[in-house]
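Engineer: Pasting in a structure now, in structure tokens, and then I'll have a few things to ask.
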Amino acid sequence: QVQLVESGGGLVQAGGSLRLSCAASGRTFRSYAMGWFRQAPGKAREFVAAVSWSGGNTVYADSVKGRFTISRDNAKNTVYLQMNSLKPEDTAVYYCAANYLSIATTPPQYDYWGQGTQVTVSS
């Protein structure tokens with residue numbers, strides 16, 4: 001069992017930056033690939049970024065490539081999402097998720113989810 005708690009969301013102007021954190025419970029955190037997803041009102045949940053259990057492999061959605069960076073610290077049981085050059089269309093609730101062993105890009109592949117943190121980008 002893995003419990004995930006996101007933090008770091010907030011209100012920021014376009015062009016600004018935020019860093020999201022996702023703290024995981026459990027001693028098996030390093031066995032899980034981790035992902036970030038987001039969901040805007042009236043839209044489906046969409047993939048943002050994922051990182052392998054070791055941190056050696058990362059995958060990004062085209063819409064955030066070059067602006068967002070996912071990383072993890074297995075010693076702290078935490079995964080991060082550094083978001084730069086934010087745009088109003090990045091406004092959404094951001095969720096972190098854990099998938100046992102394999103890096104993945106679709107919601108059904110993930111086993112555990114956090115409650116989400118709101119990110120609002122004003123124009």
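The values are calculated or read from the model by the stated rules, or taken from the named source; none is laboratory data. From a predicted model like this one, the values you see are computed outputs, not experimental measurements. Positions of Cβ are generated from backbone atoms using ideal geometry, with glycine treated the same way; all protein chains shown enter the neighbour counts. Ligands, DNA and RNA are excluded from the accessible area calculation, which covers all protein heavy atoms including side chains. Shrake-Rupley method; radii C 1.70, N 1.55, O 1.52, S 1.80 Å.
Engineer: Collect the residues in the range 2-24 that are of a type in the set (Gly, Ala, Ser), open to solvent by 30 Å² or more (accessible area, probe 1.4 Å) and over 15 Å from ASN84 (Cα atoms), keeping them in residue-number order.
Structural biologist: SER7, ALA23
Engineer: Answer yes or no as to whether LYS43 is over 16 Å from CYS96 (Cα atoms), within 14 Å of the chain's Cα centre (by Cα) and open to solvent by 30 Å² or more (accessible area, probe 1.4 Å).
Structural biologist: no
Engineer: Confirm whether SER123 is under 24 Å from GLN13 (Cβ atoms), touching a helix residue (DSSP H, G or I) at 6+ places or on another chain (Cβ under 7 Å) and touching a residue at least 60 places away in the same chain (Cβ under 8 Å).
Structural biologist: In short, yes.
Engineer: Further question: Any residue in the range 56-76 that is aliphatic (A, V, I, L, M) sitting within a Cβ distance under 7 Å of a residue that is part of a loop (DSSP other than H, G, I, E, B) and open to solvent by less than 80 Å² (accessible area, probe 1.4 Å)? List the pairs, counting only those 6 or more apart or interchain.
Structural biologist: Qualifying pairs under 7 Å: VAL59/ILE103; VAL59/THR105.
Engineer: Collect the residues in the range 77-101 that are outside any strand (DSSP E or B) and either over 18 Å from GLN3 (Cα atoms) or of a type in the set (A, V, I, L, M) (or both), keeping them in residue-number order.
Structural biologist: ASN84, SER85, LEU86, LYS87, PRO88, GLU89, ASP90, THR91, LEU101
Engineer: When only residues in the range 73-123 that are surrounded by fewer than 18 Cβ atoms within 10 Å (Cβ to Cβ) and in contact with a Pro (Cβ under 8 Å, 6 or more places away or on another chain) count, which is farthest from SER25 (Cα to Cα)?
Structural biologist: SER123
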